[in-house]
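Engineer: Okay, handing you the structure first.
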Amino acid sequence: MRIVFGNWKYLFKNFWYALACGIVPAVFLALSFDWSAISGFLRGFFQGEPRTDFIGLLRAFSPIRVDSVLGGVYTVLAYVTSSVFAALLLALVEKHMRIGKRTLGGVGTEMKNLLLPAFLIVLLFYFLGELAAIILSALMFAIFSIGTTALVYLLSVLVAIGVCFLFLYSFEAFYLWLPCMQITGFRPYHAFIYSYRLSIGVRWKLIAAHALSMLVLALLLGGTAFLPEIIFRITALVLCLFLYAGMFIRMETVYFETDKLDREDVIKSYKEL
């Protein structure tokens, strides 16, 4: 259970700086959701008319908002701030787990070293998310051509589950890459090979953990999509705050667990010195 819930235990014990690192990215991530597209799709889906055009589906599922110039700006800012604060959060968490103390000494240098890898990894995650959105939109649009509405509902749900599974399976292959580069100092290729080998043993637990997060996100955002936009945005902000911080903290907790590294924030051996 440490793989699935270990990050949340760490987050709530250290929420004051863990969540602080997630506030700015969470704001722009929440603004990157296309409320009008999500609301329009869900209203039709639950009112007996699930059929939507391809562009409407893509806008609802895509992590990239393209409904307006401002929406595009929010997406760019979400990407930039997610990358920068991921580097900061990983630097803080890794040092805390290494020495058992929350100090800022050396965090700036560590963050600087992590910036480029963080930008690349977050870009990769965006790519996987956009690819999944395109595939899901294309398949559902094809399903909408079927005349039987009941069959449309059934196939839409099955396709959504299948695409989400493929997305998570691909996502987990790269999940430990960033903390591996950070902790081992390996070059990107060797860090990927090593991190992939580590992740194989916990792949299904990681998939379950992130599937649970996706389910919570989908249910709460789906539910508030029927409400005024301000409620949807506030809900998205809170969800993104916790899920963003939880995702990057899980990178460290899982990496320490799979590579069998001692966590000084847990054992506190420095107190014996």
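The values are calculated or read from the model by the stated rules, or taken from the named source; none is laboratory data. Everything numeric here is computed off the predicted structure, so don't read it as measured data. Note that each Cβ is placed from the backbone with ideal geometry, even for glycine, and that neighbours are counted across all protein chains shown. These area figures cover heavy atoms from the full protein model, side chains too; ligands, DNA and RNA do not enter into them. Shrake-Rupley method; radii C 1.70, N 1.55, O 1.52, S 1.80 Å.
Engineer: In region 73-80, is there at least one residue being among the aromatic types (F, W, Y), free of Cβ contacts under 8 Å to residues at least 60 places away in the same chain and in a helix (DSSP H, G or I)? Break it down stepwise before answering.
Structural biologist: Going residue by residue through region 73-80, those that are among the aromatic types (F, W, Y) are 74, 79.
Checking the rest, the ones that are also free of Cβ contacts under 8 Å to residues at least 60 places away in the same chain come to 74, 79.
Checking which are in a helix (DSSP H, G or I) leaves us with 74, 79.
Yes.
Engineer: From the set of residues in region 85-108 that are of a type in the set (G, A, S) and modelled with pLDDT of 85 or more, which is most open to solvent (accessible area, probe 1.4 Å)?
Structural biologist: So in region 85-108, the residues of a type in the set (G, A, S) come out as 86-87, 91, 100, 105-106, 108.
Retained after the next criterion (residues that are modelled with pLDDT of 85 or more): 86-87, 91, 108.
Working: A86: 0, A87: 2, A91: 2, G108: 52 Å².
By that ranking, first place goes to G108.
Engineer: What pairs can you find where one residue is in region 52-64 and without any contact (Cβ under 8 Å) to a residue 60 or more places away in the chain and closer than 10 Å to G40 by Cβ, the other is open to solvent by less than 20 Å² (accessible area, probe 1.4 Å) and of a type in the set (D, E, K, R), and their Cβ atoms are less than 6 Å apart, with a gap of 6+ or different chains?
Structural biologist: Here the result reads R59/D34, each pair linking region 52-64 to a residue that is open to solvent by less than 20 Å² (accessible area, probe 1.4 Å) and of a type in the set (D, E, K, R).
Engineer: Given the criteria hydroxyl-bearing (S, T, Y), open to solvent by less than 20 Å² (accessible area, probe 1.4 Å) and modelled with pLDDT of 95 or more, does S82 qualify? Walk me through how you get there before you give the answer.
Structural biologist: On the way: hydroxyl-bearing (S, T, Y): yes; open to solvent by less than 20 Å² (accessible area, probe 1.4 Å): yes; modelled with pLDDT of 95 or more: yes.
Spelling it out, S82 is indeed hydroxyl-bearing (S, T, Y), open to solvent by less than 20 Å² (accessible area, probe 1.4 Å) and modelled with pLDDT of 95 or more.
Engineer: Looking at region 214-255, which of its residues are among the small types (G, A, S) and open to solvent by 20 Å² or more (accessible area, probe 1.4 Å)? If you could, list the steps in order and put the result at the bottom.
Structural biologist: In the first step, residues of region 214-255 are kept if they are among the small types (G, A, S); the result is 218, 222-223, 225, 236, 245-246.
The answer is A218, G223.
Engineer: So how many residues does region 167-206 have that are surrounded by fewer than 21 Cβ atoms within 10 Å (Cβ to Cβ), free of Cβ contacts under 8 Å to residues at least 24 places away in the same chain and in a helix (DSSP H, G or I)?
Structural biologist: 10
Engineer: Exactly one condition in (1) closer than 25 Å to L11 by Cα; (2) open to solvent by 70 Å² or more (accessible area, probe 1.4 Å); (3) in a helix (DSSP H, G or I) is not met by F127; state its number.
Structural biologist: All conditions are met except number (1).
Engineer: On the given criteria, is A209 more than 24 Å from A91 (Cα to Cα) and in a helix (DSSP H, G or I)? It would help to see each step written out before you state the result.
Structural biologist: Details: more than 24 Å from A91 (Cα to Cα): no; in a helix (DSSP H, G or I): yes.
No: the conditions fail for A209.
Engineer: Same structure, new question: Within region 6-58, track down each residue that is within 16 Å of the chain's Cα centre (by Cα) and either surrounded by fewer than 14 Cβ atoms within 10 Å (Cβ to Cβ) or part of a loop (DSSP other than H, G, I, E, B) (or both).
Structural biologist: Residues satisfying the conditions are L19, S32, F33.
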